[in-house]
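Novice: Mind having a look at this structure? Questions to follow.
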Amino acid sequence: GAVVSQHPSWVICKSGTSVKIECRSLDFQATTMFWYRQFPKQSLMLMATSNEGSKATYEQGVEKDKFLINHASLTLSTLTVTSAHPEDSSFYICSAKDNRAHGYTFGSGTRLTVV
Amino acid sequence: QKEVEQDPGPLSVPEGAIVSLNCTYSNSAFQYFMWYRQYSRKGPELLMYTYSSGNKEDGRFTAQVDKSSKYISLFIRDSQPSDSATYLCAMNSGGSNYKLTFGKGTLLTVNP
């Protein structure tokens, strides 16, 4: 079945630094990937839609200069949290659609803690 | 009114019980319905995918869709402690719109 690999699974960084999260589709090509943010005991909030070879589409209220998305290949999308602050601490999850299957496959998530 | 409503629970049941989880939605354009299971600190895992109204069964899981009432359900038979997780309903209108709209998730605990 479709597998989406996300790294790192957790990261701690200092306030003001940048953090990059990778999302890879391992056995299929994904022209579109999605980035979500999830706060404790809350549902997934879509941040942006990542399109291979073009600019990402951000949801309303999401700062595109703060959350940089790059989808340079059909199997890799990256989310960079720039100048991270404690309020950026959250669980970030990516997902992709394998056209051979129904539904969307999610990565295992990245827990970001900014100190 | 939110597009998708889901009772967050928590829901606690004894092992072996039948569990019923539900979502309602307001957008009549939604055509594809999914149920995901999410364990703590993990990404969601697809459990069921349905398109049309009616029932779909997979092992101990049954997904039910009633488009006329804009209501979907997930039933878990013979629940096990390993079923303890958060269950999220998700849906979209398909076509060129691939974005999923999620419910808030229901936290389920199955007690041995």
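The values are calculated or read from the model by the stated rules, or taken from the named source; none is laboratory data. No experiment lies behind these values; they were computed from the predicted model shown. Ideal geometry is used to build each Cβ from the backbone, glycine not excepted, and the neighbour counts take in all protein chains shown. Heavy atoms of the whole protein, side chains included, go into the accessibility calculation; ligands, DNA and RNA do not. Shrake-Rupley method; radii C 1.70, N 1.55, O 1.52, S 1.80 Å.
Novice: List the number of the failed condition for A:Cys13; all other conditions in (1) open to solvent by less than 70 Å² (accessible area, probe 1.4 Å); (2) in contact with a strand residue (DSSP E or B) (Cβ under 7 Å, 6 or more places away or on another chain); (3) without any contact (Cβ under 8 Å) to a residue 60 or more places away in the chain hold.
Specialist: (3)
Novice: Another one. Could you list, in sequence order, all residues of segment B:102-111 that are open to solvent by less than 40 Å² (accessible area, probe 1.4 Å) and more than 10 Å from chain A (Cβ to nearest Cβ)?
Specialist: Of all residues in segment B:102-111, those open to solvent by less than 40 Å² (accessible area, probe 1.4 Å) come to B:102-103, B:105-106, B:108, B:110.
Result: B:Thr106, B:Leu108, B:Val110.
Novice: Condition test on B:Lys99, is it free of Cβ contacts under 8 Å to residues at least 12 places away in the same chain and either within 11 Å of another protein chain (Cβ to nearest Cβ) or open to solvent by 70 Å² or more (accessible area, probe 1.4 Å) (or both)? Write out each step before concluding.
Specialist: Details: free of Cβ contacts under 8 Å to residues at least 12 places away in the same chain: yes; either within 11 Å of another protein chain (Cβ to nearest Cβ) or open to solvent by 70 Å² or more (accessible area, probe 1.4 Å) (or both): yes.
Answer is yes for this residue.
Novice: While we're here: When residues of segment A:73-114 are filtered for being among the charged types (D, E, K, R), under 15 Å from the mean Cα position of the chain (by Cα) and more than 12 Å from A:Ser15 (Cβ to Cβ), how many remain? Break it down stepwise before answering.
Specialist: At the first step, the residues of segment A:73-114 found to be among the charged types (D, E, K, R) are A:87-88, A:97-98, A:100, A:111.
Filter once more, keeping what is under 15 Å from the mean Cα position of the chain (by Cα): A:88, A:97, A:111.
Now drop any that are not more than 12 Å from A:Ser15 (Cβ to Cβ), which leaves A:97, A:111.
Here the count works out to 2.
Novice: So which pairs qualify, if the first residue must be in segment A:78-99 and more than 22 Å from A:Asn51 (Cα to Cα), the second must be among the hydroxyl-bearing types (Ser, Thr, Tyr) and not in a loop (DSSP other than H, G, I, E, B), the Cβ gap must be under 8 Å, and the two must be at least 6 apart or on different chains?
Specialist: So the pair list comes out as A:Ser89/A:Thr113.
Novice: Oh, and also: Kindly indicate which of B:Gly43, B:Gly94 is within 14 Å of another protein chain (Cβ to nearest Cβ) and in contact (Cβ under 8 Å) with a residue 60 or more places away in the chain.
Specialist: Working: B:Gly43 fails: in contact (Cβ under 8 Å) with a residue 60 or more places away in the chain.
Within the list B:Gly43, B:Gly94, the selection yields B:Gly94.
Novice: Are any of the residues in segment A:83-91 at pLDDT below 95, among the polar types (S, T, N, Q) and in contact with a Ser or Thr (Cβ under 8 Å, 6 or more places away or on another chain)?
Specialist: Looking for residues that are at pLDDT below 95, among the polar types (S, T, N, Q) and in contact with a Ser or Thr (Cβ under 8 Å, 6 or more places away or on another chain), one finds none in segment A:83-91, hence no.
Novice: Could you please give the count of residues in segment A:1-15 that are in contact with a Leu (Cβ under 9 Å, 6 or more places away or on another chain) and outside any loop (DSSP other than H, G, I, E, B)?
Specialist: 6
Novice: Being farther than 28 Å from B:Phe30 by Cα and more than 9 Å from chain B (Cβ to nearest Cβ) is true for just one of A:Phe39, A:Phe67. Which residue is that? Write out each step before concluding.
Specialist: Working: A:Phe39 fails: farther than 28 Å from B:Phe30 by Cα.
Sole residue among the options that is farther than 28 Å from B:Phe30 by Cα and more than 9 Å from chain B (Cβ to nearest Cβ): A:Phe67.
Novice: Out of (1) part of a strand (DSSP E or B); (2) exposed (fewer than 13 other Cβ atoms within 10 Å of the Cβ); (3) acidic (Asp, Glu), the odd one out for A:Glu63 is which?
Specialist: (1)
Novice: What's the total number of residues in segment A:71-102 that are within 12 Å of chain B (Cβ to nearest Cβ) and buried (at least 22 other Cβ atoms within 10 Å of the Cβ)?
Specialist: Result for segment A:71-102: 5.
Novice: Right, next: Residues that are open to solvent by 60 Å² or more (accessible area, probe 1.4 Å) and within 10 Å of chain A (Cβ to nearest Cβ): does segment B:69-87 have at least one?
Specialist: For segment B:69-87, residues open to solvent by 60 Å² or more (accessible area, probe 1.4 Å) and within 10 Å of chain A (Cβ to nearest Cβ): absent.
Novice: Return the pairs, sorted by first residue and then second, in which the second residue is in a loop (DSSP other than H, G, I, E, B) and of a type in the set (Asp, Glu), the first residue lies in segment A:23-36 and is in contact (Cβ under 8 Å) with a residue 60 or more places away in the chain, the beta carbons are less than 6 Å apart, and the residues are 6+ apart or on different chains.
Specialist: Within 6 Å, the pairs are A:Phe28/A:Asp98.
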